[in-house]
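Below: the structure, in structure tokens.
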Amino acid sequence: MSEIKKNIDNIIKQIPNTTKLVAVSKTHSIETIKETFDAGQRDFGENKVQEMVDKHNQLQNPEIKWHLIGHLQRNKVKYIADFVELIHSVDSLRLLTEINRQAKRHNRIINCLLQFHIADEDTKFGLNFDEAINILESDEFKSFGNIKICGVMGMATFTDNSEQVRHEFKKLKEIFSKIKDKYFKNLDYFCEISMGMSGDWKIAIEEGATILRIGSIIFGNRT
Ligand SMILES: *Cc1c(COP(=O)(O)O)cnc(C)c1O
């Protein structure tokens, strides 16, 4: 059995079968992605548009589901709009407007998550609660016909302090619940909490993650 398959199986056997594992393949080769696909993995995460587009074009595999997990600039939405499975990193109304526009051009509905800033670091993108409310309450948002908001995403602080990480994940879960209650109560598609990476996925599972985004412990360290 390949190392990659062993690593994936080891994670899968420790998570609920309703939890989705996104294999974060950024910086890794086409060959590595093929090997991972052959191991049964279907969801792949990339943080750069260009890299995701190149890999999508080279692989030409409609069974692969591509997740955009990194910061997305509005002028790049057009390159991924016809194939992206889920955009995890929506952090403004202007970005959503463009996603809706491009989704409409391709006659599809694009699944999105609202990214929240939960970490104790300036460098991580994301909304705060009030900003998200402003988006959800806006007439513009209500007019979008080609977007589905499926839940929330967040990145915890990069720290060994597991209590801090746990606290940040709890915060994201709370945000999810409040927004669910107020805007998506009977809408089953609003159900995703994307949190947990190689260093903190066990805590994320305990705190209610439904999607894990994991790279290093599947593929080894990026160089
Ligand atoms: C790179 C990345 C990950 C995966 O990180 P690992 O620590 O390698 O598991 C998850 N989420 C985002 C947004 C990333 O950019």
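Summary of computed values
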quantity: Scope the range 1-58; condition away from the ligand (no atom under 12 Å from the Cβ), in contact with a strand residue (DSSP E or B) (Cβ under 8 Å, 6 or more places away or on another chain), of a type in the set (D, E, K, R) and under 22 Å from Ala204 (Cβ atoms); matching residues; calculated: Lys20, Arg42, Asp43
quantity: Count - residues of the range 59-69 that are within 16 Å of the ligand (Cβ to nearest atom) and open to solvent by 10 Å² or more (accessible area, probe 1.4 Å); calculated: 2
quantity: Residue in the range 149-158 that is within 18 Å of Val22 (Cβ to Cβ), under 17 Å from the mean Cα position of the chain (by Cα), open to solvent by 40 Å² or more (accessible area, probe 1.4 Å) and without any contact (Cβ under 8 Å) to a residue 60 or more places away in the chain present; calculated: yes
quantity: Selection count where residues are more than 8 Å from the ligand (Cβ to nearest atom), of a type in the set (Gly, Ala, Ser) and either closer than 15 Å to Asp43 by Cβ or buried (at least 20 other Cβ atoms within 10 Å of the Cβ) (or both), scope the range 190-222; calculated: 4
quantity: Every residue from the range 1-30 that is of a type in the set (Lys, Arg), open to solvent by 60 Å² or more (accessible area, probe 1.4 Å) and under 21 Å from Glu46 (Cα atoms); calculated: Lys5, Lys20
quantity: Among the residues listed as Arg166, Arg105, the single one being open to solvent by 80 Å² or more (accessible area, probe 1.4 Å) and either under 22 Å from Leu86 (Cβ atoms) or basic (Lys, Arg) (or both); calculated: Arg105
quantity: Residues being assigned to a loop (DSSP other than H, G, I, E, B) and free of Cβ contacts under 8 Å to residues at least 12 places away in the same chain - total across the range 50-68; calculated: 2
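The values are calculated or read from the model by the stated rules, or taken from the named source; none is laboratory data. Keep in mind that what you see is a predicted model, and the values were worked out from it rather than measured. When we count neighbours, we look across all protein chains shown, and the Cβ atoms used for this are built from the backbone with ideal geometry, even at glycine. What goes into the accessible areas is simple: the full protein's heavy atoms, side chains included, and nothing from ligands, DNA or RNA. Shrake-Rupley method; radii C 1.70, N 1.55, O 1.52, S 1.80 Å.
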